[in-house]
Amino acid sequence: MSVEASVAADNGNDVAIARIDDPVMVPGRRDFLQYRELGVTAASGGSIRAQVTSATQGLSEPTGWHVHLCEGQFVYMLSGWVDLAFAGGRVERMKAGDSFYIPGGTPHNEIATSDKFELLEVSIPADMGTETCDAPD
């Protein structure tokens, strides 16, 4: 197993080590994506989740407007790009090296992606729900 919990910290949490040569793949929100668990969920007692998300085919249609039930979601683009739509007609193309933070409850819609991409996603707490919502004005 590539995620190792070791050396209990003073606050009771564990150090987690994820090895690239033995990835732990987990199910995620979208069937067309692959999710690599980095061990942070277990090590933090569920207070933080960190995963690498990758795609080998581009988004065929927008995901639809939705919100995440969490305190916040941070994403760092490792490769490729993702187009995100926000309220007020704002559209942002996030490419390799870019990052974004979306506060929980913020409506957004992934509208397009490169054919291949990889990103690091961190959410607080680890159990981040997703609900569809109406498109904002």
Worksheet item: R0 = 25 Å: FRET efficiency of ALA112 with MET25, Cβ-based, nearest 0.05?
Response: 0.50
Worksheet, complete the sentence: Percent relative contact order for the chain, counting Cα pairs under 8 Å at least six residues apart, stands at 26 percent
Fill in: Protection proxy ranking, peptides 88-95, 13-20, average beta carbon neighbours within 10 Å, highest first
13-20, 88-95
Fill in: Residues in segment 116-136 reached by a label modelled at ALA87 [backbone nitrogen below 19 Å; 7 Å Cα→Cβ]
130-136
Discussion item. Treating only the Cβ of Lys, Arg, Asp and Glu as charged (+1, +1, -1, -1), what charge dipole size does segment 23-132 show about its Cα centre? Round to the nearest 20 debye.
Written reply: 140 debye
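Since every read-out is calculated from the coordinates, none of them should be taken as a lab result. From a predicted model like this one, the values you see are computed outputs, not experimental measurements. No Cβ is skipped: glycine too gets one built from the backbone with ideal geometry, and neighbour counts run over all protein chains shown.
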